[in-house]
1. Starting from the stretch 110-134, keep only residues that are at positive phi, then list their pairs with residues that are at pLDDT below 95 and open to solvent by 50 Å² or more (accessible area, probe 1.4 Å) whose Cβ atoms are within a distance under 8 Å, requiring at least 6 positions of separation or different chains.
2. Please go through (1) more than 20 Å from Pro101 (Cβ to Cβ); (2) within 23 Å of the chain's Cα centre (by Cα); (3) at pLDDT below 95 for Leu205 and return the number of the only condition it doesn't satisfy.
3. Would you confirm whether or not the stretch 149-160 contains a residue that is over 18 Å from the mean Cα position of the chain (by Cα), closer than 27 Å to Leu246 by Cβ and in a helix (DSSP H, G or I)?
4. Please indicate, with yes or no, whether at least one residue in the stretch 247-263 is among the basic types (Lys, Arg), farther than 19 Å from Thr354 by Cα and not in a loop (DSSP other than H, G, I, E, B).
5. Look at the stretch 73-121 and say how many of its residues are over 22 Å from the mean Cα position of the chain (by Cα) and either over 20 Å from Ala147 (Cβ atoms) or part of a loop (DSSP other than H, G, I, E, B) (or both).
6. List pairs: first in the stretch 315-329 and under 14 Å from Thr440 (Cα atoms), second open to solvent by 10 Å² or more (accessible area, probe 1.4 Å), Cβ under 6 Å, 6+ apart or cross-chain?
7. Can you tell me which of Gly34, Gly58, Gly40 is touching a residue at least 12 places away in the same chain (Cβ under 8 Å) and surrounded by fewer than 18 Cβ atoms within 10 Å (Cβ to Cβ)?
8. Among the candidates Thr361, Thr418, Thr354, single out the residue that is over 19 Å from the mean Cα position of the chain (by Cα) and either at pLDDT 90 or above or part of a helix (DSSP H, G or I) (or both).
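The values are calculated or read from the model by the stated rules, or taken from the named source; none is laboratory data. What you are looking at is a predicted structure, and each value in this text was computed from that prediction instead of being measured. Here the Cβ positions follow ideal geometry from the backbone for every residue, glycine too, while neighbour counts run over all protein chains shown. For accessibility, only protein heavy atoms count, side chains too; no ligands or nucleic acids. Shrake-Rupley method; radii C 1.70, N 1.55, O 1.52, S 1.80 Å.
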Amino acid sequence: MTTTSTRPEVIEDTQDLDRRPGRWIGHWTPEEPGFWRTTGSRIARRNLIWSIFAEHIGFSVWLLWSIVVVRLGDAGWQLTTSQALWLTAVPSGVGALLRLPYTFAVPVFGGRNWTVVSALLLIVPCAGLAWAVEHPEIGFLPLLLIAASAGLGGGNFASSMANISFFYPEREKGWALGLNAAGGNIGVAVVQFVVPQVIVLGGGLVLARAGLMYVPLAVIAAVCAYLFMDNLVEAKADVGPVWSSLRHRDTWIMSLLYIGTFGSFIGYSAAFPTLLTSVFGRPDTALAWAFLGAAVGSFCRPFGGRLADVVGGARVTVVSFVLMAAGALAALWSVERRSMGVFFAAFLLLFVATGVGNGSTYRMISKIFRVKGEDLGGTPEVMLAMRRQAAGALGIISAVGAFGGFLVPICYAWARSTYGGIQPALRFYVGFFLVLLAVTWVAYLRPGSRMARARV
């Protein structure tokens, strides 16, 4: 009896996918409970898994230089602290710029297709690093340009998040986007943990291995995306919705908030090993333990998204900014008193807070556009248009926010070269986080506002 009542539903949902050549799916309705239960969740999960893998490799390549710079001196390079920080900052800035075209790539080429291409592009910075570190005679500027190519790994995030946002229903987007992002973010911790060990395998120092080890992994990511991921016709539209998302004030407010959360995460991840080396003179600690910061921040991201699903993203984001301000204050205290233990603990608190804030801010974006769609009538056509605009906004916001990864190391480099220490930079961060806290409250938590009632 049970079989006859459920079997037609399964067959109907499978047929409604409207499979097309090139692994295109023509019909995708994750908000329908029956479709999601019988067909949608399984396909979405498969795409999420391989999206996470590809994005993980991209993030690892993006932050390769954050740990390589610590050993460049041992490979014959003579760099100042400011030059080392520039080598960590420029890939972040390039990655931020590339997130804009990568966002447009999903509607133009399809999410699965672009994942294949973007994974193969990672071979360029990996091979460039492997060659450059073995040739100190080329000088700093060519080295900086080669490091900039690692930004290709940073662009992957925008296209991956935009793509996955189409696969999941609204009620599960916080958790799904959090997992997708965390799988990429943890690549920062993995590269900072694994590379110091790989480059000294068998004795001696071979920095080229840092790049060479990721070449086959990039190829594997491309092949897996080609074989196991799907394109959604719903996501392949004209790029108009992406441009339309720019007209909304909330896109720019959330971009500012994301500078504070993700920008801080990626910036601190890039600068942390160098700061441990330059401020406290402990390259051994940087090589052995710096990965913990990115690791705890990455693991906290999906939980920030899940908590935002339950209590509202704006509330979680406000708490994260409070913790960030407290962490920056503690770091300032530790630098002035030369306490590396407190400095390390303060940065771990900063990483936890940025991870939680990353998950909650990204959850806010899709909810904001859903509320806007409901205010415009909530018809299927309007809600589809808003989902497309939300996907575009995800990419735009990720691009703007990623510039924090460029600004954080540069701010530290400026403070150290101008004032001889990083204290001015830390004081700025305390004030910045408090400003973002106020912006979040006014825009999304102010009593009586539409966004506050909707628990954005």
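1. Gly110/Lys236
2. Tallying (1) more than 20 Å from Pro101 (Cβ to Cβ); (2) within 23 Å of the chain's Cα centre (by Cα); (3) at pLDDT below 95, Leu205 fails exactly one: (2).
3. So far as the stretch 149-160 goes, no, none of its residues is over 18 Å from the mean Cα position of the chain (by Cα), closer than 27 Å to Leu246 by Cβ and in a helix (DSSP H, G or I).
4. Within the stretch 247-263, one or more residues are among the basic types (Lys, Arg), farther than 19 Å from Thr354 by Cα and not in a loop (DSSP other than H, G, I, E, B).
5. Taking the stretch 73-121 and keeping what is over 22 Å from the mean Cα position of the chain (by Cα), we get 73-84.
Narrowing further to those that are either over 20 Å from Ala147 (Cβ atoms) or part of a loop (DSSP other than H, G, I, E, B) (or both): 76-80.
So the answer is 5.
6. Pairs found: Val316/Leu307; Val318/Leu437; Ser320/Val356; Phe321/Leu437.
7. Gly34
8. Exactly one residue qualifies, and that residue is Thr418.
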